[in-house]
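Reading through the structure tokens given below for one structure.
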Amino acid sequence: MRIIRLTIALFCFQASLTFAISIEAQLNHYINEVEIPRLSKIYPGASIDISLNNLAALNYLPDCEASTISINNQRPDTTKRTNYEISCESPVWKSYIPATQSIMITAIKTSSPINRGQVISKSNTDIGEVDLSSLRGDIFTESNPPYGLIASRNLRINTFITDNLTSQPTLIKKGDLILITASSGTITVKMNGVSLENGIKGQQIRVKNTSSGRIIYAKVVTNSEVLVNY
């Protein structure tokens, strides 16, 4: 009788272990066939790794009569930690498996200290690989470099540059002589003017038409031209 009981217990343990491995295999298949391709489209060229945590909890789940379980990523927008919701229809149960993501991407970093207000260029930057979860803000890459922007704070060497560490340079300063371009349909008129305030690219600033003395708002286009649309 003892041998029979031991055999039954061993069979139940093996069945539970097989089921746990089956779920783990389905989760890994979901990661490789769904999650990694999805993230690769969002972050082209990135090196992506996803690891499952607390797999021991799978051993305590009841057998699912269906051949496959349902898997859903609860935090698809995250770059670090997420939870996979797994569920079975018969018998009905639901559980959650935590996962850790690593998204390594090539981005632009400082090659020397950059002071606040200093222009960012090729000469003071370099390329490196960084985990997105360690950064705040949107990164700059070789296809989208930050060259021409200025540092909004002091940046140490090997700092990966993000949009919240940069600002647009002042293209036009108060008192600068500028060209005002007024456009309405197919008609374009150009006139001389003077800036009444500082402005960055795309910003609406007050300018004065030096011929008429009229003060208007115009959008900064370059360091010497503003645009007015009627």
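Each reported figure results from applying straightforward, stated rules to the coordinates on display, with no laboratory input. Computed from a predicted structure; not experimentally measured. Don't worry about glycine lacking a Cβ; one is built from the backbone with ideal geometry, like all the others, and counts go over all protein chains shown.
Residues of the stretch 21-56 falling in the label zone of Ser134, defined by backbone nitrogen less than 18 Å from a point 7 Å along Cα to beta-carbon, are 46-51.
On a full-extension model of 0.36 nm per residue, what is the gain between Asp163 and Thr68, subtracting their alpha-carbon distance, rounded to one decimal in nm?
Details: separation 95, 0.36 × 95 = 34.20 nm, distance 4.33 nm.
Computed gain between Asp163 and Thr68 is 29.9 nm.
Spacing of the modelled spin labels on Glu142 and Ser102, each 7 Å from Cα toward Cβ, amounts to 2.2 nm.
A simple count of charges around Glu142, restricted to other residues whose Cβ falls under 13 Å of its Cβ and scoring Lys, Arg +1 and Asp, Glu -1, yields 0. Here's the list of lysines a cross-link from Lys41 could span, going by alpha-carbon distance under 19 Å and ignoring same-chain residues fewer than 8 apart: Lys80. Available extension along the chain between Leu196 and Ser211 is 3.9 nm, counting 0.36 nm per residue and deducting the alpha carbon span. Rounded to the nearest 500, the 222 nm mean residue ellipticity of the chain from helices alone is -5500 deg cm²/dmol, with -39,500 (n - 2.57) taken per DSSP H run of at least 4 residues.
Ordered from longest to shortest, the equivalent ellipsoid semi-axes for the stretch 53-200 are 52, 23, 11 Å, each the square root of 5 times a Cα gyration tensor eigenvalue.
The long axis of helix 2-30 is offset from the longest Cα principal axis of the chain by roughly 20 degrees. Here the simple spin-label model places points 7 Å from the Cα toward Cβ, and for Ser95 and Gln118 these points are separated by 5.4 nm. Using a 7 Å offset from the Cα along the Cα-to-Cβ direction at both Arg75 and Val221, what is the distance between the two label points in nm, to one decimal? Simple spin-label model gives 4.7 nm for this pair. Sorted largest first, the principal axis extents computed over the alpha-carbon atoms of the stretch 170-229 equal 30, 23, 14 Å.
If you add up the charges near Gly128, with Lys and Arg at +1 and Asp and Glu at -1, over every other residue whose beta carbon is less than 14 angstrom from its beta carbon, what do you get? List each step's numbers first, then the result.
Values: positive: Lys109, Arg156; negative: Asp126, Glu129, Asp131, Glu142.
So the environment of Gly128 carries a net charge of -2.
Exceedance of the 18 Å cut-off in Cα-Cα distance is limited, within the set Lys174/Lys208; Lys173/Lys201; Lys109/Lys201, to Lys109/Lys201. Normalised by the number of residues in the chain, the average gap of Cα pairs under 8 Å and 6 or more apart makes the relative contact order 12 percent.
The calculated P(r) of the stretch 111-167, using every Cα pair and 5 Å bins from 0, goes 4, 20, 35, 29, 11, 1 in percent. Note: relative contact order over the stretch 170-229, using C-alpha pairs below 8 Å and six or more positions apart, is 37 percent.
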